[in-house]
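The next block holds one structure in the form of structure tokens; read it before the comments.
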Amino acid sequence: MHVLVNGVRLFFDVEGAGLVPDGAAMRERPTLLMLHGGPGADHSILRPDYSGLAEIAQMIYFDHRGNGRSEDGSREGWTLAQWGDDVRAFCDALSIRDPLVLGASFGGMVALAYATRHPAHPSKLILISTEAAGGSHRERRVALFERFGGPEAGALARRRFFELQGHDAASLEAWRRLALPHYFRNPRDPAAARRAVSRGEVLQWFTRQGGESQTFDLFPDLHRIRCPTLVMGGEDDPIHPIESQAELAAALPEHLVQFERFVGCRHAVVPDAPERAFAVMRDFIAR
């Protein structure tokens, strides 16, 4: 399905019922908006790993502009500000009120942009394996990639994070082959990559030299967030190290934040530790 949002048709899909029978009435369940990582991926990278949340909420996935099955719009609109504004406008288009918003990795950055620009709109945030500023903890990233993938993966990470090289198509393919497998503690289903709609042009734009992936800084605006926020991170995450999660949690209003560290987990916290991750998220949503 598609809906027109800020001049661009965004693809979305729904998992789980919004209304469920409850005695003599139909009970409305919360709406959980799912923001996928990337950029350049699509919502399918969250499925089926997160599908268990459909037991307690109606899950709505959508592909960010320039990503997956959504329209591109102009490249000048491939920014965290625009992607964040799209979240609000998407909700308005579908009459979604008080959404729970879950953002993983790049999706967490979009969720932060949305929540700081529209602080009265979300009811709760779940931020997984993300960061609030680009270009941080580069030595830690390189060390972890070398630890898990050996010297070749470490050298690739150094070129990417320090020399700001490796964002052309050939280098991105090398990254997918040598570095991406180490985002996960448990081997990833190879079919997941085959069924995903990958859009390398938006990733190259976001990560280009001088691009927003290196320059964005949302820390000055985090005080604007008004809703309860769950921050989850893996202690062995090589792409957004646990220090990024700790700094994000520390910068949020103390009475609103819940910070959960996952020992032995990497970037993919939910696939790496599904039982604990789901227990934490379900408890947070229910409260």
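Any idea what the dipole of the chain comes to, in debye rounded to 20, about its Cα centre with Lys/Arg Cβ at +1 and Asp/Glu Cβ at -1?
Rounded to the nearest 20 debye, it is 200 debye.
Over the Cα atoms of region 153-287, each weighted equally, I'd like the Debye log10 I(q)/I(0) at q = 0.18, 0.19, 0.20 Å⁻¹, rounded to two decimals.
Each listed q maps to, in turn, -1.22, -1.28, -1.32.
Taking all protein chains as present, what is the carbon and sulfur share of the accessible area of the chain, in % to the nearest whole number, probe 1.4 Å?
Answer for the chain: carbon and sulfur cover 51 percent of the accessible area.
When all alpha-carbon pairs of the chain are counted, what percent fall beyond 27 Å?
Value for the chain: 36 percent of Cα pairs lie more than 27 Å apart.
On average, how much area does the Cα convex hull of region 87-206 cover when viewed from any direction, in nm²?
Mean orientational projected area (region 87-206, Cα hull): 8.9 nm².
Probe of 1.4 angstrom, ligands and nucleic acids ignored: what's the accessible area per residue over the chain, in square angstrom?
For the chain, the solvent-accessible area averages 42 Å² per residue.
Add -39500 (n - 2.57) for each DSSP H run of 4 or more in the chain, then divide by its residues: what number comes out at 222 nm, to the nearest 500 deg cm²/dmol?
Only helices count here, giving -11000 deg cm²/dmol.
If ligands, DNA and RNA are left out, what is the accessible area of Asp217 with a 1.4 Å probe, given in Å² to the nearest 10?
The accessible area comes out at roughly 90 Å².
From zero outward in steps of 10 Å, how is the percent of C-alpha pairs of region 140-182 spread across the bins?
Whole-percent P(r) values from 0 Å outward: 35, 59, 6.
Grab the alpha carbons of region 39-110, take their convex hull, and tell me the volume per residue in Å³.
In region 39-110, the Cα hull volume divided by residue count equals 93 Å³.
Given an 8 Å cut-off on Cα distances and at least 6 residues of separation, report the relative contact order of the chain as a percent.
So the answer I get is 19 percent.
What order do Met281, Met26 take when sorted by accessible area (1.4 Å probe), most exposed first?
Sorted descending by solvent-accessible area, the residues read Met26, Met281.
Is there a quick way to get the dipole size of region 1-104? I mean about its Cα centre, with the Cβ of Lys and Arg at +1 and of Asp and Glu at -1; what is the value in debye to the nearest 20?
60 debye
Just the ratio, please: alpha-carbon radius of gyration of region 7-144 over 2.2 N^0.38 Å, N its number of residues.
1.10
Give the residue from Ala273, Gly77, Ala113 lying farthest towards the positive end of the charge dipole for the chain; charges sit on Cβ (+1 for Lys and Arg, -1 for Asp and Glu) and the dipole is referred to the Cα centre.
The one lying farthest along the dipole's positive direction is Ala273.
Using every pair of alpha-carbon atoms in region 1-81, split the distances into 10 Å bins beginning at 0 and state the percent of pairs per bin, rounded to integers.
So the P(r) values, bin by bin, are 18, 42, 26, 11, 3, 0.
Give me the Debye-computed log₁₀ of I(q)/I(0) at q = 0.19, 0.21, 0.28 Å⁻¹ for region 104-171, equal point scatterers on Cα only, no solvent, two decimals.
Those come out to -0.82, -0.90, -1.16, one per q.
The values are calculated or read from the model by the stated rules, or taken from the named source; none is laboratory data. Remember, it's a predicted structure, so these values are computed and weren't measured experimentally. So basically every Cβ, Gly included, is an ideal-geometry build from the backbone, and we count neighbours across all protein chains shown. Heads up: the accessible areas ignore ligands, DNA and RNA and are worked out on the full protein's heavy atoms, side chains in. Shrake-Rupley method; radii C 1.70, N 1.55, O 1.52, S 1.80 Å.
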